[in-house]
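These notes are about the structure you will find just below.
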Amino acid sequence: MPGAVAGSRRPSGVLIAASILDSDLGALGEEIRRAEAAGVDRIHLDVMDGHFVPNITFGWKTIEAVRRVTTLPFDAHLMISEPGRWTGQFLDAGCDSITFHVEVVGGQVRPALERIRAAGRSAGLSVKPGTPLTALAGYRDVLDIVLVMTVEPGFGGQAFMGDVADAKLAAARGWLDPAGACEVQVDGGGRAGTAEVIGRGGTDVIVAGSALYRADDMAAEVARIRSIAEAARVRTLPG
Ligand code: DX5
Ligand code: ZN
């Protein structure tokens, strides 16, 4: 399956994941189909609980409801305080990967990652802009995805933090790369104007929300982001 995550090695090109956060949520199924028609590789689902972040979005019932509108992989990004409590529901809803935040209360992290993997899905951890990659060190053996946030989690349409990208993307790639089995995602402010920096960091997956849903021509924007990032990535990761 194009853009597949579960059990796969990191992708060879740069994949685009459409964040539906800034789409027309009253027509969510149509908005997902619109992204698929525009050529995105995955759908990125931002779940917020009003506690871990100062915003509330949607939960597994919504994900389950839109699972049937596309065969594209669903990447869930849980910005919630208790991901370990709800892992089963997000697995049952049909998420192909589940990424949550390393900043949550620690005891739940490893069991949740192991549970996601045991279900045959990809397990990820995300770091806020102020959290160092070293926070992930104890989980390397159970990680399929590292999601580097280049905005403070909570809202779409924020400005990309280039200093965070420069400090973390290549470092994450280097830390994960030896077996080539993990992917690095970047989330926040992904657009044509930031794709060069993102690609240069060796990033595998770019999450883009407002850049796609506010574009006049979404397909052209997807192609533009991907081609700029891939050209930069090839220069960083030759062969
Ligand atoms: C922010 C979310 C992001 C965001 C992406 O908390 O995790 O996925 O919605 O939106 P843009 O691309 O507009 O920054
Ligand atoms: Zn996200």
Could you grab me the full set of residues in region 9-40 that are crowded, with 16+ Cβ neighbours inside 10 Å, of a type in the set (A, V, I, L, M, F, W, C) and either farther than 16 Å from residue 225 by Cβ or in contact with a His (Cβ under 7 Å, 6 or more places away or on another chain) (or both)?
-> 17, 18, 20, 21, 28, 32
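Of the residues 186, 164, which single one is outside any helix (DSSP H, G or I), under 28 Å from residue 117 (Cβ atoms) and at pLDDT 95 or above?
Details: 164 fails: outside any helix (DSSP H, G or I).
From the options 186, 164, the qualifying one is 186.
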Tell me, please, whether a residue that is closer than 18 Å to residue 127 by Cβ, in contact with a Leu (Cβ under 9 Å, 6 or more places away or on another chain), of a type in the set (Phe, Trp, Tyr) and within 12 Å of ligand 1 (Cβ to nearest atom) can be found in region 159-175.
-> no
Just give me the residues in region 109-149 being near ligand 1 (Cβ under 9 Å from one of its atoms) and in contact (Cβ under 8 Å) with a residue 40 or more places away in the chain, in sequence order.
-> 126, 147
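Kindly check whether there is at least one residue in region 95-107 that is part of a helix (DSSP H, G or I), under 23 Å from residue 184 (Cβ atoms) and over 16 Å from the mean Cα position of the chain (by Cα). Even if it seems obvious, please write down each step before you answer.
Quick first cut of region 95-107, residues part of a helix (DSSP H, G or I) only: 106-107.
Subsequent filtering for residues that are under 23 Å from residue 184 (Cβ atoms) retains 106.
With over 16 Å from the mean Cα position of the chain (by Cα) added as a condition, the list becomes 106.
Taking every residue of region 95-107 in turn, at least one turns out to be part of a helix (DSSP H, G or I), under 23 Å from residue 184 (Cβ atoms) and over 16 Å from the mean Cα position of the chain (by Cα).
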Restricting attention to region 42-57, does a residue exist that is out of contact with any Cys (no Cβ under 6 Å at 6 or more places or on another chain), more than 13 Å from ligand 1 (Cβ to nearest atom) and among the acidic types (Asp, Glu)?
-> no
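The values are calculated or read from the model by the stated rules, or taken from the named source; none is laboratory data. These numbers were taken from a predicted model, which means no experiment stands behind them. Virtual Cβ from ideal backbone geometry, glycine too; neighbours counted across all protein chains shown.
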